[in-house]
Amino acid sequence: MKLESFWQATAPQFRGAATGALPATASVVVIGGGFTGVSAALNLARSGIDVVLLESGDIMSQASARNGGHCNTGVSQNFASLVASQGLEQASRFYRAFDGAVSYVEQLVREEQIDCDFRLCGKLKLASKATHFPGLRSAWQLMRDTVDPEIELISKDEIRREVGSDAFHGGLLQKRGGQMHMGKFGVGLAEAAARSGAKIFPHHAVTGLTRLDGYRHRVTTAKGEIVADKVLMATGVSNEGPFPWFQRRIVPVGSFIVVTEPLGDALLSQVLPKDRTYVTSLNIGNYFRTTADRRLVFGGRARFAVSNPTSDSRSGEVLRAAMTALFPQLGQARIDYCWGGMVDMTADRLPRAGEHDGVFYSLGYSGHGTQMSTWMGRVMADVLAEKSNDNPWQREAWPALPGYHGKPWFLPLAGLYYKAKDRLS
């Protein structure tokens, strides 16, 4: 079992990195080389804007290439709960933003001819308990009448046509869900940005950020300084670097994933007949899908802990047990890859994007960032270029979390809380 991301291990090498020293100035400096940052750099470069991207490690080395590989419509919250907290108009705007983001990823793959196994296959949310199915039915009725007329409710009697397990009590099918190879997409996106003129500097961790005037900042790295007319923060978790304001608002939460050996068409057709993306309805649940070479990718919040080799390995055993409990047919399947990554979680599990103290930002995708981060790169590029300010995640206030300064000391307590909610639900 390799303790590394399958997406990173099987992606091509990024060859578009800039060479030589940092330039003295740039119109825009983007901090972070994941989907948000690279998408922003691509769109800024397409507009003829001088853009430099700084990444502390390799391009696509964090959440953008360490996730479960889903590219789905739908927000991270239950839609009915979102309507209750935000109102129907705003909740509908958020939902349609995610749907449009999936379309944008599909468009980019086609325009830039990125070979990343992208396909629309539908997302199926599975009721892990009988008591969860009425909630799915209510969501189906509300969403069908407002934002998604094609959504489908699947009863317990019919669920076996979708998934080869007796563990589920029905499901909710959103037909616009998709999937792709995250590493191949990320590298392809970065190569497209470099071709368009973006200067991409891996291994340039930002160590200082000093406001000069207006939006202008001096950005310091261990390999030199650059003065930017504008700065975009696209760092995800942000728990390293000189970003204390963001670190009080983003909580890093570990998510863990295993990938099996190639299983063959016959076995996978038995386990997942419709070959979609899947997520269970528990708070500490699981998500899974197949790959183009016929493996099963199976992940979840296996443990409320940070990601490191020891934690990843322990979490891998938890995930193996969960996988075989749901699918006894896979009891003999070998696990080839196991890894973890940090999700940039906000208090309300919704993204945040805007400007603070002269720094533009788009962060906090809360485990649903594949499509939205790529789309928000384009949105923020338009904001920076002063073309548009159509930003669905710009809100008036983003309060800090009380008692939190960047180290998530409360994660074990959160884990106990959500386990209790799952037991009582």
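Please treat every number below as a calculation from the coordinates, not as lab data. Everything numeric in this text was worked out from a predicted model, so none of it was measured. Note that each Cβ is placed from the backbone with ideal geometry, even for glycine, and that neighbours are counted across all protein chains shown.
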key: Within the chain, helix-based [θ] at 222 nm, where runs of 4 or more DSSP H residues each add -39,500 (n - 2.57), nearest 500   = -10000 deg cm²/dmol
query = Of all DSSP beta bridges located in the stretch 6-415, what percent are antiparallel, nearest 5?
reply = 70 percent
Residue of Leu319, Leu124, Leu411 that the Gaussian network model of the chain assigns the largest fluctuation, springs spanning Cα pairs under 10 Å = Leu411
query = How many nm separate the modelled label positions at Lys129 and Ala397, each set 7 Å beyond the Cα in the direction of the Cβ?
reply = 3.4 nm
Sparse-neighbour loop sites [trypsin sites (Lys or Arg not before Pro); the stretch 261-355; at most 12 other C-beta within 10 Å; DSSP] = Arg334
query = What is the dipole size for the chain, taken about its Cα centre, with +1 at each Lys and Arg Cβ and -1 at each Asp and Glu Cβ, in debye to the nearest 20?
reply = 800 debye
ask   = Of Phe118, Ala21, Thr310, which is farthest on the positive side of the dipole of the chain, counting Cα position, with +1 on Lys and Arg Cβ, -1 on Asp and Glu Cβ, and the Cα centre as origin?
value = Thr310
request  = Report the label-to-label distance for Ala321 and Ser27 in nanometres (one decimal), using points 7 Å from each Cα along the Cα→Cβ vector.
outcome  = 5.5 nm
key: Glu261/Gln113 FRET efficiency (R0 35 Å; Cβ-Cβ; nearest 0.05)   = 0.70
request  = Compute the distance in nm between two label points, each set 7 Å from the Cα along the Cα-to-Cβ direction, one at Arg144 and one at Ser269.
outcome  = 3.1 nm
inquiry  = Compute a Gaussian network model of the chain, connecting alpha carbons closer than 10 Å, and tell me which residue from Glu261, Glu191, Glu89 fluctuates the most.
reply    = Glu89
request  = Please sort by residue number the trypsin sites (Lys or Arg not before Pro) in the stretch 1-74 whose DSSP state is loop and whose Cβ has at most 13 other Cβ atoms within 10 Å.
outcome  = Arg15
message = How tilted is helix 309-326 with respect to the longest principal axis of the chain? Cα atoms for both, answer in degrees (0 to 90, nearest 10).
response = 30 degrees
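If I take R0 = 22 Å and measure r between the Cβ atoms of Thr310 and Lys407 in this structure, what FRET efficiency does the formula 1/(1 + (r/R0)^6) give, to the nearest 0.05?
E(calc), rounded to 0.05, equals 0.75.
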query = In the stretch 56-76, which residues have a backbone nitrogen under 12 Å from the label point lying 7 Å from Arg93's Cα in the Cα-to-Cβ direction?
reply = none
query = Using 0.36 nm per residue, how much length does the chain from Ala292 to Leu212 gain when fully extended, once their Cα-Cα distance is taken away?
reply = 23.9 nm
key: Burial ordering of Thr210, Thr290, Thr10, fewest other beta-carbon atoms within 10 Å first   = Thr210, Thr10, Thr290
ask   = Once both axes come from the Cα atoms, what is the angle between helix 369-384 and the longest principal axis of the chain, in degrees from 0 to 90, rounded to 10?
value = 30 degrees
key: Listed residue pairs exceeding 29 Å between alpha carbons, taken from Lys156/Lys184; Lys387/Lys407; Lys223/Lys407; Lys2/Lys156; Lys175/Lys387   = Lys156/Lys184; Lys387/Lys407; Lys2/Lys156; Lys175/Lys387
ask   = Using a Gaussian network for the chain with springs between C-alpha atoms less than 10 Å apart, which of these wobbles most: Lys387, Lys230, Lys199?
value = Lys387
query = Pick the calculated Cα extents along the principal axes in Å for this structure from (1) 57, 56, 45; (2) 64, 44, 42; (3) 55, 44, 39?
reply = (2)
note = The lysines whose Cα lies under 20 Å from the Cα of Lys421, excluding any fewer than 8 residues away in the same chain, are Lys125, Lys129
Positive-end extreme of charge dipole, the stretch 203-348 - chosen from Met345, Pro328, Thr290 (charges on Cβ) = Met345
query = What ranking of Glu355, Glu317 emerges when the number of other C-beta atoms within 10 Å of each C-beta is taken as an exposure proxy, fewest first?
reply = Glu317, Glu355
request  = May I ask for the angle, rounded to the nearest 10°, between helix 411-424 and the longest principal axis of the chain, with both axes built from Cα atoms and the value confined to 0 to 90°?
outcome  = 30 degrees
ask   = Nearest 20 debye, what's the magnitude of the dipole of the stretch 178-274 about its Cα centre given +1 on Lys and Arg Cβ and -1 on Asp and Glu Cβ?
value = 380 debye
query = Which shape class, rounded, prolate or oblate, goes with the stretch 119-234 when its Cα gyration tensor gives a ≥ b ≥ c as root eigenvalues, a/c under 1.5 marks rounded, and past that a/b bigger than b/c marks prolate?
reply = prolate
